Each structure stands twice: as structure tokens, then as C-alpha cells.
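Asks: One structure, pasted below without further comment.
Laboratory data are not the source of any read-out in this text; all were calculated from the coordinates shown. If you're wondering where the values come from, they're calculated on a predicted model, not measured in any experiment. In this analysis, Cβ positions are derived from the backbone assuming ideal geometry, glycine residues included, and neighbour counts consider all displayed protein chains.
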Ligand code: S3P
């Protein structure tokens, strides 16, 4: 079984940076699904949304996730990965999936003004995050093997806790 962790959670919860630290410690690659989509399509995420629409972005994201789960690598996903049923099924059959759980209030301050995230580039960031959390939190919960509260701890402490819990999976 593949024991490399997959990180899920809302925008701004630190999937990429925590993923990078985990990959360094586990001595493996990090696949960041957003980065992979950018390189496959050859456009930035806002450009992909603008020119091809969100559904196309989600199609590519699905292919990228499917390929990433076959590799021995830590995977940092985009916040919307759980929107598609087939992605949720793939995540549920992959262990361990780590949900970096954070409140919209914590995240809003971290991503306000970020032009690279089309879903929050316009309008009220906090309200958008609240709406996304209402829709997605149950989906993250459905896919997660490990739930890691994000706001309370420093990144280094979170990484240490995740590693601790991962060792339980590799002993199975
Ligand atoms: C999205 C999150 C983004 C990126 C895209 C859509 C979402 O990734 O995939 O802008 O639907 O929540 P991050 O979670 O890394 O910001």
C-alpha cells in the first residue's frame, strides 16, 4: 500500500508548504496538483479559469490526481479536489489522507488579495470561504484518515504530529 500522505483542505491552509516539509523529511518528491496543472496546460490558474472555465480545470485536476496517487510522493491538492465524486472515491481508497482543517476566519487573512486564486479574487473573501467550508468540510471529513487542526499550531509542530500519525499507518 502507498503510505505517502495526501493533503487536503481549503485554500490557504498550508497544503503546499506543509507538503514540502513532509516530503523533505520523508525523502520523497512533492507533487503539488496546482503546479502540475499549470505545467500541463501551460497557463496560470486564473488564465485556465478565464479561457477554459472551471469544469476544464477540474477535468485536468482529476487526471493529475489520478497520476499523482500512483507515485511514491507526498501530494498537496487544490482546495476543490473533493468536489468531484471520482476524486473523493480515489482519496477514500488511498491512505493516509490528511485534512488540514482551518476556519474561514483564519484562512481569509492569509489569502486576501491573492490574484492567483480565481474563486476568491472578487467579492467578499470571508463569505466565499464560509460558503466553500459549508459545502466542502463534510467532503474533506469523508475522505480524511487524519484530521489536523491547522490554526492552533506552528507548521513545524503540525509536520511533527502528522509524521507521528503516519508511523501508525506504516505499521499496519
Ligand atoms: C481552488 C483552490 C486552489 C486552486 C484553484 C481552485 C478551490 O488551490 O486549485 O484556485 O477550488 O478551492 P489551493 O487550495 O492550493 O489554493
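Asks: For region 38-86 and region 126-172, write down the distance between their C-alpha centroids in whole Å.
Replies: Result: 20 Å between the Cα centres.
Asks: With a ≥ b ≥ c taken as the square roots of the eigenvalues of the C-alpha gyration tensor of region 6-126, please select rounded if a/c is under 1.5 and otherwise prolate if a/b is larger than b/c or oblate if it is not?
Replies: Oblate is the answer for region 6-126, as a/c is 1.5 or above yet b/c matches or exceeds a/b.
Asks: Run the helix sum for the chain: -39,500 (n - 2.57) per DSSP H stretch of 4+ residues, divided by residue count, reported at 222 nm to the nearest 500 deg cm²/dmol.
Replies: Here the helix-only value at 222 nm equals -17000 deg cm²/dmol.
Asks: In addition: By its C-alpha gyration tensor, with a ≥ b ≥ c as the square roots of the eigenvalues, how is region 126-172 shaped: rounded for a/c under 1.5, else prolate for a/b larger than b/c, else oblate?
Replies: oblate
Asks: Right, here's the next one. Arrange the peptides 38-46, 103-111 so that the one whose residues have, on average, the most other Cβ atoms within 10 Å appears first.
Replies: Highest to lowest by the protection proxy: 103-111, 38-46.
Asks: Another question, then. Using a/c under 1.5 as the rounded threshold, could you call region 75-160 rounded, prolate or oblate? The axes a ≥ b ≥ c are square roots of the C-alpha gyration tensor eigenvalues, and prolate needs a/b larger than b/c, oblate otherwise.
Replies: Cα axes put region 75-160 in the oblate bin.
Asks: Could you work out how far helix 15-26 tilts from the main Cα principal axis of the chain, as a 0 to 90 degree angle to the nearest 10?
Replies: 30
Asks: Once fully extended, how much extra length lies between residue 62 and residue 84, figured as 0.36 nm per residue of separation less the alpha-carbon to alpha-carbon distance?
Replies: So the extension gain works out to 7.1 nm.
Asks: A further question follows. What's the extension gain from residue 165 to residue 127 if we count 0.36 nm per residue and subtract their Cα-Cα distance?
Replies: 10.4 nm
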